[in-house]
Every structure is written in structure tokens, then in C-alpha cells.
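Engineer: Mind having a look at this structure? Questions to follow.
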């Protein structure tokens with residue numbers, strides 16, 4: 001039976017993985033990204049037949065070593081012997097630890113029985129979950145070993161792990177139950193009593209049930225490492241434009257029913273919380289000041305309903321304005337509950353209600369860590385404290401179900417506010433701010449225990465955010481197209497500048513001719529390169545005009561006149577100006593005899609003041625081009641001899657200005673940056689207090705070193721060259737944001753549970769090998 005289950009898990013996971021890869025390929029933002037996805041897809045198709053046999057081979061090896069002598073614990077390693085862990089290995093270990101820890105929590109009773117029964121088989125004390133040959137830890141290690149034959153990127157490998165978690169580990173209870181039943185039939189601890197807290201696990205073949213199991217489990221990370229890094233890998237829809245509200249709305253389908261295993265998870269959270277209290281010093285304030293009366297759920301809901309209708313005004317502590325926390329809410333709650341006690345003292349809270357208050361407080365504290373205290377989003381989160389607490393007191397599934405409507409709305413408000421409002425340049429989107437305030441205000445004024453309100457508001461917010469996301473994508477694409485156009489223009493202009501400067505080098509020509517060639521005719525040549533290319537007949541004809549003007553052999557030739565008229569007309573010169581120019585250039589030198597005439601001076605001024613090609617949209621950019629182009633030059637390579645636009649070439653004083661050379665670390669960073677996919681997010685430090693902003697690298701050029709950064713709304717932000725970006729990263733002023741697809745609330749629970757595990761003293765499982 002075990003073999004059949006494993007083969008089914010593997011087959012379902014690989015099938016779903018292929019489907020997800022197809023979707024990733026459709027959403028790819030670049031050909032390189034799409035190529036990498038197709039490579040992974042081919043690799044899965046090639047090696048999928050080997051995965052299940054390798055998985056079974058690993059489990060058979062684990063069973064064969066059941067009676068082996070336990071390994072002697074390794075002595076602690078000295079600091080000098082420690083080594084850095086490869087990022088790829090760390091991410092795999094964290095993902096597997098999260099997956100196996102969820103299964104250990106959910107199936108603790110079945111694993112308890114298995115531990116005793118396998119202990120009998122091994123002639124040893126009961127085995128813990130980590131040592132079980134068929135336990136979650138070994139299943140995770142078997143998955144890692146089985147898929148090692150597939151050459152996948154870390155993102156696609158972690159995506160496969162998540163599919164197995166959702167489709168395989170969700171049914172692990174069936175395997176544990178079957179093995180327990182088999183061993184009991186063989187009279188191994190046949191009458192073992194485990195005092196289960198919930199019914200025997202049933203097969204969770206329905207996708208909705210599997211999704212619910214996955215959602216609930218994500219609230220329970222494996223160990224301390226999750227306080228700083230949980231599920232750091234990129235997920236299936238990394239390239240898609242998706243807002244927090246959209247992601248939350250997409251997860252609402254199915255799995256809404258109560259699952260007894262969710263109660264198990266909440267009980268586990270309470271056990272960890274109790275361990276934290278036992279390890280913490282005694283708090284000030286004696287329980288003697290409390291009444292003997294224990295507040296009921298109805299009492300709490302009544303008082304919280306009253307507090308919900310009041311404005312959440314900030315507090316002034318130590319001369320600073322701070323938002324109200326759940327700790328302040330708890331104090332207000334106890335004071336208001338005095339009305340229900342005969343002696344007028346604050347009542348006691350039941351252990352479950354007290355734990356709920358603590359957990360909700362920890363959740364909001366974690367969310368507030370990455371928000372500025374005076375931000376608009378922090379004010380919105382403060383308004384949600386009372387409604388969320390009311391939900392948590394009434395429905396403990398809030399802590400364990402990722403698709404709980406209140407939890408999803410809380411996450412949507414937090415992430416949308418953090419990334420779309422607080423992280424915006426200048427004034428935030430007024431319509432979005434008003435929508436967020438309307439949603440939160442409706443929660444405060446209308447919530448009376450009806451969870452359907454959260455679904456309704458989440459749908460409304462998701463629709464609005466979907467519109468904003470589409471607008472952001474359109475705006476971003478426009479900026480990318482504009483940047484590519486400027487790039488092509490700059491390259492064309494460089495070619496034109498080089499062609500003209502090479503012909504003018506050490507040649508004495510009239511001032512008007514030089515001004516014409518270095519300015520207007522350079523633009524003509526650049527436009528010709530853009531439209532026809534450097535190998536075209538049109539470009540060669542216009543280079544011939546340069547040669548004739550420089551050589552002084554230009555005569556009033558009809559063909560030459562027509563070429564100059566057409567070229568100057570294409571770059572915006574009026575007919576009268578063109579004719580005046582031709583009169584000075586092609587009259588056989590008669591006009592040149594009268595230097596006192598104002599015609600030549602007027603023409604020179606017009607040439608100087610004429611807007612250059614491409615300057616209408618971005619007049620200041622070409623000035624920064626020399627430094628940017630130098631930044632893009634690979635280390636040790638010779639810089640182009642003419643990299644500046646014509647406007648810069650005419651001002652030699654600006655040429656010496658340029659960034660200093662990169663050091664070894666910065667050069668290494670620069671090479672790494674050139675391999676990044678478009679759409680990579682960065683965080684930049686903006687002040688001495690360490691505040692950061694997120695920016696998306698939408699496009700960059702390895703030729704000129706230009707970078708296009710946009711914010712969440714698709715608006716173009718400050719410019720940086722690849723060289724400057726490399727310097728900022730090396731100095732710690734910027735870093736790449738590791739793409740994460742667990743929500744803010746999921747990360748909060750992961751960190752909270754990881755912290756509680758530290759206080760409980762439970763050993764963290766070792767990384768799978």
C-alpha cells in the first residue's frame with residue numbers, strides 16, 4: 001500500500017508541476033526566463049520515471065536501518081570549523097522543514113503511536129517523529145533525494161516541493177494510519193491508547209481539502225530559522241502582476257469548512273505559548289487584583305463591540321505619538337469588563353481567551369515591525385485590531401486557515417498599504433487611499449460577527465486592486481518602450497558622432513559647416529541609422545555630404561541640394577531656414593566674402609538653439625550618458641572612443657567628469673547584475689534611519705548601463721546606472737529582494753511560531769540531507 005500511495009503522490013505532484021511550469025512560461029517577461037522554464041519542463045518530462053523508484057529506495061533504506069545503532073551525537077563544532085551554507089541548500093532545507101513540521105503537528109497522535117510501535121520493532125525506546133523511518137522528516141528527505149536526479153533551478157525545485165506538500169503530505173495521515181493498522185494487526189502494541197484529540201484522519205483526495213490542509217499548515221513553521229527566513233524561494237506566478245488583494249481573493253475558493261486538525265494546530269500554538277510563559281520572568285501585577293469572575297465570550301464580544309464603535313485615537317508616550325497596540329486594547333477591555341463583576345474589579349480571562357489575545361497581539365506587533373509608526377497603513381491596521389480580535393475569539397480557524405476571510409482581508413490591507421501607499425513616491429494614490437479607508441471603516445462600523453462581510457469587502461478591494469495592477473503594467477510597459485527607444489537613439493547618435501568627429505579630426509573647416517555637422521547633420525545621420533541602418537544607401541549618401549562639406553567641394557549640385565533639404569527637413573528645420581543654410585553652403589563661396597553679414601551668425605544661433613533629436617521627451621538624460629556608458633563597460637575592456645551624444649561632445653569640459661573605477665567586489669556585483677531577469681525587486685536605503693523603499697528593475701541595458709526602475713504603481717523612479725547600482729549593493733545601500741510568495745500574515749505566523757519554539761525548548765529538526 002505504501003508503494004501505491006507514494007507513486008500516486010509523485011505522479012500527482014509532477015503532473016501539477018508541469019501545469020504550473022506551462023503557466024509560468026506563458027507569463028514569462030523575457031525570452032531568457034521563458035527558456036529557463038522550458039528547460040525545467042523538459043527536465044521533468046525526461047526524469048519523472050526515476051523519481052518514484054528513488055523515493056521508495058530511500059524509504060526502504062531507512063526501514064532497513066531501523067535497528068542500526070544510533071549515531072553518537074556530534075560534539076559542538078568550534079567557531080573556526082563553521083562554514084557558510086550554500087543559499088540553494090538553505091532554501092531547500094527551510095522549505096522541507098516547513099513541510100515536515102506541518103505534518104508532525106497535524107499527525108502527532110498517529111506519529112506517537114508509530115514511534116512506540118517502531119520502538120518495539122527496533123528493540124529501543126519509543127522513537128520520536130524525527131527518527132521514524134516513515135515519518136515526515138524521512139518523507140521530506142526522500143523527496144529531496146528522489147528529485148535530485150532532476151536538474152532544476154531552485155525556484156522550480158521549490159515549486160515542486162510545494163506541489164508535493166499540497167498533494168502528497170496532505171494525505172500523509174492515510175499512510176501513517178495504514179502502517180499503524182498493519183502493525184496492530186501483527187500484534188505490535190495492539191491495544192495502545194493514544195487519547196486522540198480528533199478523529200482518525202480521512203483521505204483528503206478532494207482538491208479543496210488538500211488546499212485547506214496546505215493553508216492550515218503554513219501557519220506552523222518548523223524551527224527557529226523561520227524567524228528570519230521562511231519559504232524564501234520564488235513561486236509559480238513570480239512573473240505575474242498580482243496584488244495582495246487579488247492573491248487573497250484567489251485563495252478563497254474551497255476548503256472553507258471546519259477541519260478538526262485546525263483545532264489541533266491552535267492547541268499546538270497554545271502549548272508553545274505556555275512554554276514561552278514558563279520560560280519568561282514573572283510579570284508585574286498580581287492576580288489578586290483581579291476578580292474571581294471569569295469573563296464569558298458574550299461579555300468579551302459585548303465590550304469589544306462597544307470599543308469597535310469608538311475611534312482608535314493615537315497615544316502620546318514620552319512626547320511621541322504612537323498608535324494603539326493590542327496591549328492597550330487589552331487594558332481597555334479589562335477596564336470595561338469591570339461592569340460584569342460584582343466587586344468592580346477587572347475579571348479574569350479564560351486561558352483560551354487570554355492565549356487568543358496574546359497571539360493576536362503578537363500578530364499585529366509583527367506586522368507593525370516593517371511599518372513606520374506614523375504611516376497611513378499603520379493607522380488602518382490599528383482600526384482593524386478590535387474586529388480581528390472579535391473574529392479570533394469567536395473562530396479559532398483564524399489562526400490556522402490561510403483562506404479565512406478575515407485573515408485574507410487583514411493581509412490584503414497590510415500588504416496593499418505597505419507596498420502601494422507607504423512605499424509610493426510623493427503623494428499616494430488618492431483613490432486607493434480612499435478605497436482602503438472605506439474598506440476599513442466599513443469593517444469597523446458594520447462587523448457584527450458576520451464573516452461574509454470580510455468576503456464582500458475583500459472582493460471589492462480585489463477588484464479595485466486588479467484595475468490598479470493593470471494600469472501599473474501598462475504604465476511600466478510604456479516606460480520600457482520609451483527606455484528602449486532612448487537606448488536605440490543613443491546608440492545611433494554615438495555612431496553618428498563617431499562618424500562626424502572622425503572626419504572633422506584635425507581638419508580646418510568654416511565655423512558654420514562645423515556647427516552644422518556636429519549638431520543638425522549628426523541628428524540626420526542618427527535618424528538615418530534608426531530608420532534604415534548603417535549599411536543602407538541613404539546613410540552612405542548622407543556620409544558623402546559630410547565628406548564633401550569637409551573637403552570644401554560642395555557646389556550647387558541638385559542632388560546634393562536635395563539630400564541636404566530632405567535631411568534637415570526630417571529633423572525639424574523649416575524650409576526658409578534650410579534655404580538660408582543652402583545659400584551659405586552651396587553658393588560657391590560668394591556669400592562667404594561678407595563676414596559682416598548677420599546671416600551666418602543667425603544661422604549658427606538657430607543651429608545651437610534647435611532642440612536636438614530626442615530631447616523633447618528627455619532633455620537632461622544625454623548629459624548623464626557618458627558616466628552611464630562607462631559604467632556598462634566590462635572590467636578591463638576598452639571604452640568606446642565616442643560614447644557621448646553630440647550635445648555632450650560639444651562641451652569638452654564635461655568629459656572628464658565620471659565615476660571612479662569599480663573595485664573587485666563591485667565588479668563582481670556588476671557582472672551578477674547583468675544576469676538578473678527583468679522584474680527583479682530591490683530595496684534601497686533612503687535615510688540614515690535605515691528606512692527603505694522597494695523598486696522594480698523593469699529593464700536595463702548591458703550596452704549603456706542604463707537602468708529603469710519603477711515603483712509598485714508602474715511609475716518611473718530615480719535613475720541609476722548598473723555601475724551605481726553595483727556600488728550601492730556593495731556598500732549595503734541596496735539589496736535584491738528575494739521573491740516570496742507566502743503572504744505577510746503567513747510570514748508573521750511562521751516567525752511567531754519559530755519564536756515560541758525557542759521559548760518552549762523544543763529541538764529544531766535537522767536539515768534534510
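The values are calculated or read from the model by the stated rules, or taken from the named source; none is laboratory data. Here the structure is a predicted model, which means the values were calculated and not measured. We place every Cβ from the backbone using ideal geometry, glycine too, and count neighbours over all the protein chains shown.
Engineer: Pick out, from the stretch 131-189, the helices (runs of 4 or more DSSP H) lying fully within it that include 3 or more residues that are farther than 24 Å from residue 20 by Cβ. So that I can check it myself, show each step before the final result.
Structural biologist: Numbers: elements: 136-146, 154-167, 172-185.
Because the criterion is at least 3 residues that are farther than 24 Å from residue 20 by Cβ, the helices (runs of 4 or more DSSP H) in the stretch 131-189 that meet it are 172-185.
Engineer: Inside the stretch 539-568, can you point out the residues that are under 18 Å from residue 526 (Cβ atoms) and exposed (fewer than 14 other Cβ atoms within 10 Å of the Cβ)?
Structural biologist: Passing the criteria: 540, 544, 547.
Engineer: Which numbered condition in (1) within 15 Å of residue 377 (Cα to Cα); (2) surrounded by fewer than 16 Cβ atoms within 10 Å (Cβ to Cβ); (3) under 25 Å from the mean Cα position of the chain (by Cα) is the only one that residue 438 fails?
Structural biologist: Among (1) within 15 Å of residue 377 (Cα to Cα); (2) surrounded by fewer than 16 Cβ atoms within 10 Å (Cβ to Cβ); (3) under 25 Å from the mean Cα position of the chain (by Cα), residue 438 violates only (3).
Engineer: In the stretch 487-545, what count of residues is obtained for those that are free of Cβ contacts under 8 Å to residues at least 12 places away in the same chain, outside any helix (DSSP H, G or I) and more than 30 Å from residue 602 (Cβ to Cβ)?
Structural biologist: 4
Engineer: Could you please let me know if residue 694 is within 17 Å of residue 712 (Cα to Cα) and outside the structural domain of residue 37 (by TED's automatic domain parsing)?
Structural biologist: Values: within 17 Å of residue 712 (Cα to Cα): yes; outside the structural domain of residue 37 (by TED's automatic domain parsing): yes.
Against the criterion (within 17 Å of residue 712 (Cα to Cα) and outside the structural domain of residue 37 (by TED's automatic domain parsing)), residue 694 qualifies.
Engineer: A further question follows. Would a scan of the stretch 449-468 turn up a residue that is part of a helix (DSSP H, G or I), under 30 Å from residue 569 (Cβ atoms) and touching a helix residue (DSSP H, G or I) at 6+ places or on another chain (Cβ under 7 Å)? Working first, answer last.
Structural biologist: Of the stretch 449-468, the ones part of a helix (DSSP H, G or I) are 452-468.
With under 30 Å from residue 569 (Cβ atoms) added as a condition, the list becomes none.
Taking every residue of the stretch 449-468 in turn, none turns out to be part of a helix (DSSP H, G or I), under 30 Å from residue 569 (Cβ atoms) and touching a helix residue (DSSP H, G or I) at 6+ places or on another chain (Cβ under 7 Å).
Engineer: Let me ask another. Given the criteria at pLDDT 80 or above, under 15 Å from residue 179 (Cα atoms) and within 33 Å of the chain's Cα centre (by Cα), does residue 63 qualify?
Structural biologist: No: the conditions fail for residue 63.
Engineer: Would a scan of the stretch 692-710 turn up a residue that is surrounded by fewer than 20 Cβ atoms within 10 Å (Cβ to Cβ), under 19 Å from the mean Cα position of the chain (by Cα), assigned to a loop (DSSP other than H, G, I, E, B) and touching a residue at least 12 places away in the same chain (Cβ under 8 Å)?
Structural biologist: no
Engineer: OK, next. Given (1) farther than 30 Å from residue 437 by Cα; (2) in contact with a strand residue (DSSP E or B) (Cβ under 9 Å, 6 or more places away or on another chain), where does residue 499 come up short, assuming only one miss?
Structural biologist: If we test residue 499 against (1) farther than 30 Å from residue 437 by Cα; (2) in contact with a strand residue (DSSP E or B) (Cβ under 9 Å, 6 or more places away or on another chain), just (2) comes out false.
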